[in-house]
1. Can you give the angle from 0 to 90° between the axis of helix B:12-21 and the longest principal axis of chain B, with both taken from C-alpha atoms, to the nearest 10?
2. At A:Ala263, with labels set 7 Å past Cα in the Cβ direction, how many nm apart are the copies from this one, shortest first?
3. For B:Ala187, go 7 angstrom from Cα along the Cα-to-Cβ vector, then report the distances to that same point in the other copies in nm, smallest first.
4. Just the Kirkwood number for the protein assembly as shown, please: inverse of mean 1/r across all distinct Cα pairs, in Å, one decimal.
5. Between the DSSP loop rule and a limit of at most 13 other Cβ atoms within 10 Å, which trypsin sites (Lys or Arg not before Pro) in the stretch B:147-185 are left?
6. Taking a ≥ b ≥ c as the square roots of the eigenvalues of the Cα gyration tensor of the stretch D:98-251, is the shape rounded (a/c under 1.5), prolate (a/b larger than b/c) or oblate?
7. Can you give the helix-only mean residue ellipticity at 222 nm for chain C, where every DSSP H stretch with n ≥ 4 adds -39500 (n - 2.57) and the sum goes over all residues, rounded to the nearest 500 deg cm²/dmol?
8. If you average the C-alpha positions of the stretch C:16-43 and of the stretch A:267-318 separately, how far apart do those two centres end up, in angstrom?
There are 4 protein chains.
Amino acid sequence: MIKISILGGSGYTGIELLRILSRHHDVKITAVTSRQYKCERLSKVFPHLEGFVDSIFIDPANSKSIKDADIVFCCLPHKSAMEFIPEIIKKGKRVIDLSADFRLKDSKVYEAWYEKHTAKNLLKKAVYGLPEIYRAEIKDAQLVANPGCYPTSAILGLMPLIKSKLIDNTTIIIDSKSGVSGAGREAKLETSFVEANEGFKAYKIGEHRHTPEIEQCLSQIAGKDIKVSFSPHLLPVNRGILSTMYATMKTQNSKLKTQNIIASYKKYYRNEPFIRIMHEGVLPNISQVRGSNFCDIGIKVDERTNRVVVVSVIDNLIKGASGQAVQNMNIMCGLNEETGLLSPPLFP
Amino acid sequence: MIKISILGGSGYTGIELLRILSRHHDVKITAVTSRQYKCERLSKVFPHLEGFVDSIFIDPANSKSIKDADIVFCCLPHKSAMEFIPEIIKKGKRVIDLSADFRLKDSKVYEAWYEKHTAKNLLKKAVYGLPEIYRAEIKDAQLVANPGCYPTSAILGLMPLIKSKLIDNTTIIIDSKSGVSGAGREAKLETSFVEANEGFKAYKIGEHRHTPEIEQCLSQIAGKDIKVSFSPHLLPVNRGILSTMYATMKTQNSKLKTQNIIASYKKYYRNEPFIRIMHEGVLPNISQVRGSNFCDIGIKVDERTNRVVVVSVIDNLIKGASGQAVQNMNIMCGLNEETGLLSPPLFP
Amino acid sequence: MIKISILGGSGYTGIELLRILSRHHDVKITAVTSRQYKCERLSKVFPHLEGFVDSIFIDPANSKSIKDADIVFCCLPHKSAMEFIPEIIKKGKRVIDLSADFRLKDSKVYEAWYEKHTAKNLLKKAVYGLPEIYRAEIKDAQLVANPGCYPTSAILGLMPLIKSKLIDNTTIIIDSKSGVSGAGREAKLETSFVEANEGFKAYKIGEHRHTPEIEQCLSQIAGKDIKVSFSPHLLPVNRGILSTMYATMKTQNSKLKTQNIIASYKKYYRNEPFIRIMHEGVLPNISQVRGSNFCDIGIKVDERTNRVVVVSVIDNLIKGASGQAVQNMNIMCGLNEETGLLSPPLFP
Amino acid sequence: MIKISILGGSGYTGIELLRILSRHHDVKITAVTSRQYKCERLSKVFPHLEGFVDSIFIDPANSKSIKDADIVFCCLPHKSAMEFIPEIIKKGKRVIDLSADFRLKDSKVYEAWYEKHTAKNLLKKAVYGLPEIYRAEIKDAQLVANPGCYPTSAILGLMPLIKSKLIDNTTIIIDSKSGVSGAGREAKLETSFVEANEGFKAYKIGEHRHTPEIEQCLSQIAGKDIKVSFSPHLLPVNRGILSTMYATMKTQNSKLKTQNIIASYKKYYRNEPFIRIMHEGVLPNISQVRGSNFCDIGIKVDERTNRVVVVSVIDNLIKGASGQAVQNMNIMCGLNEETGLLSPPLFP
């Protein structure tokens, strides 16, 4: 039985971890912290979990919060994460951090997009937790930096194209649309029902903090620097990210058709349990991955403009956060990677 | 391994049966029929099920549709159900019928609210599939009439009150609100996105066909005739029914408070795996049962008017249809009643 | 030109007043206050109003806020309203108050449901601003207490029934469902998109502060005390209230049919510009009044249970708040009552 | 008084024309046709219009449908439009056609993307009804081809950029997201509530029929052929199109900043009554134009990638269809262009 602590368990990623882990046969949740709800029953705060988790939120400052843990899931916001994690690492615990604090390898980049980094010495130790690329490193990692939701959708969608060297890497545009749960559980005017419902907007075009994370990973895949245009949008649904990605084919590849690219994606991802490639003529809908750890990918070559367009969908709270974190835990603990994650999406 | 046929598997109740049964360890789905999609792959029609079900819709007229089955789930609309089922019963198969055709014991009542009944001889044989009342009869039934979605929410909410003889049975009002999936998967103008979204309406007040089903069951519980006012409403969400139910307390009970009624509900349902009673001061939200087989119930005594108000919530496609059908199957087959049904709700 | 001040103009009722008054030909908005946004351009805070209102929010404490006004619309929350209004009344201004502070005639009732009343001397002066009842009094009022959204929908739906003495007044149940804008514009967890979307719940059953307001008005109509059961629900739409109202017919009226009641409603409201009675067999949808000042009413007699069921719909921000306030202003100023309010609903 | 016929008045563009024209002081609606609802009262089919339009749908085959009309609005689907319109033109009526049939100047292009064109002789006569470009030609046109919804949002967003020659015209990508009303009012599975709600998908990438319409117009502006990548998406809201548009700056313009481009847009559109340019740092939301004829445009230069990103929003049923049609009518009839169109958006 793997013993689990969840730090910051009252946000949406915490809720999803609790939901997934409560039916994972190899783990036992020994502590869940929340500053806001400390000393309250979890099932009072989250009545949907009544009968599944039966403990009490403890104060994150309480040393019991991690004492018994084999694995600590850190669902704290960035900045808080890098304050708490060094101590936990020192105690020899293994950590899966869902914040952004250990995703960027270069602290200067982190500091350009976020703020001062206070635990730089851990950056080398941290492994970027995208199993489809770094599975081997994750296995032995003590600190896994769980990827951002947008980067997961973008990187999984673009990786085979970049690996195959079919496209001009200077032409990549990522137009992403995220459900509102991506903005977290804190009450804010712009994510209140009345403001977001029946609305749709772009935000932080060219400025979103997930941009360097996407670029770092794509550059590593390509073996050289890649810059992308990244435009996030706020979508009036609870869950789901759809990324529409554009790239121009290199001239010598201009004869390639949709079916060729699909075939290469299918081959590239043939052993991946959570990637599903759509048939020609089919584009994925976020509703077909809701509640699951899948990333579904559709491809279309626009022959008129010599561009390839890739559409990927994930559930931002699962493959984009808590499901991927459990996938990483399974890998770290030598379990079957699919354990606890293989239920069908909830449609409709 | 219990072998399963699903007749009419391309509607929302069929989709949910496929989702639930695809991870039920004791069953094997041997046939799924659809007139509309016959010869198409299930996973093409329902891309969310890719990797979970890997068969082809067959014609309902094809004899293979039920040949190997131990249990036949009939998801056909009423009228079609009573055309197909007599033959299946004759072949000795056990049937769980999700239509209305075998729910009403009195064919005259059926004919007053629906149309001519063409399989009256099976009405006696049929058991009303609400495990919380008829568990013993379901165990040995050959034909289970799976309850309607509204009746499930209403009966579970009112049963302890009626059993306890606390209320004046002539004062029962049931004001129910259902998500749009309750209207089925056929394209209709009134359930199109643009017409239903940002809208809300009552329909068929005092005339809905679930009225006699509710009354039959409540009358049986009470041991005498009960008539109710039943008003359904169309709610702009995918899933969920919330029923707000009103009854006046008998004069001699006018001292009873919310906590007393809650205590009696908790006692009444203490052994029920899928009923959760809310604490005093808490009323349930449909979102807290989404994707699960739970019925959550909240209670409030309005002392000013001497009325008790009960609020019940279910996922109309699960406890209101396919989940309850699987619960019935588990009982019929001597399995643990919770098998395949015990995952936490998907919130948010 | 009537000069208008709006106090507390940055909530949803303020936004709607600005929208309606910006195309009202007989008024000029001379000041709009907001503590939160003081010194900011209105059109920066509300980009939809760009080109329609071109002023700057001023501090509510600033004496200019009401100096030039003929009519002051007070959109402050209750408690704040009764702090500001006495001074304004003293200065001889006419006030339309959208808060609850001057709706209840009996300060004891106010204090039982709200808190200490600090301007009791104004209660007699205040006229309840429901034109369909108090048109004559509104005309000359200095202080109009604009009705609550739920009470507007309930009272307009029940008034003809009560006047006609057809029903047993002890049997009235009001089951209301309101869009999320009814909860105001302040960011709160329970009205955040993710929590409210795909959800539905009842709240404050038997305890909502609009209960005494409904009872006060119905009692006055009946000429004797009426108590009602009132159950509000939170509906995942931006705008709209639908109230489903139940009452038992007196025995001697048990022969009355739907068409009789409809005829009596049509007669009762024949001169009302903003009430529309639905034909027999038709029940109204909140979407058919969105963006308008209408209250649409449908009626159904449930002959099996001898109950009459009335369904009323309004746009909670218009007939339930700002539209009704403008209607009151029109009456107070001797204008045509429909001025500025007669545009068709925005459907879909 | 301008006399108006509306052919095909029961779809969403018809509904919007009726709503707008019912309060337009210079017109009188003399006939509205509908095959589906012929002989039914308009206000029965559309209860929101009760009190505003009081006529009966007539059969489109009925000669009265256009007899008295000065202006005929044709809301028929493409193909039907080119069957009906030649006869109407022959009778000397002026026509505003909301279908695609007369938008493409080159019948070969039409036939490549749609089907055989059966009224080619009218193509020269037809004026593309985008007032921001063709105001002068619209004034005297007998046949106005009202632009598509997506093209309106794209062309208005890109026109100043192309005119200014700042961008490399081979790099234009248009990623558009449309509310569900854009798919029309016919009941279809994929636009049913349950399928579209909580979903989001791309469709017809590189293949949508609005592509050649966008290219024709942009090419004419540029004075040379332009090809674009156009990707539409289905957004779970009733109304609104948001287009996110990407183009790479020519090298010599790489010093230009967001504020420079915004200034050039403001200048370009300085006399346009329905275009609003957002301030630097602000991007528009579809909710801020709902119910209005505005096109709001936000601009962001992504200096890291040397791309300019333009975001435009419209209400697809108004500036994207019926509002623009009325704007065209106003121009054709010598009225103030804003007549009947200048009400503020309905937010929230």
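1. Here the helix axis deviates by roughly 80 degrees.
2. Nearest to farthest, the other copies are at 5.4, 7.4, 7.8 nm.
3. Those separations, rounded to one decimal, come out as 1.1, 4.1, 4.2 nm.
4. Value: 33.2 Å, from the Cα pair sum.
5. Passing sites in the stretch B:147-185 are B:Lys165.
6. oblate
7. -8000 deg cm²/dmol
8. 48
Quick note: the coordinates plus some simple rules give every number you see, no bench work behind them. These numbers come from a predicted model, not from an experiment. Virtual Cβ from ideal backbone geometry, glycine too; neighbours counted across all protein chains shown.
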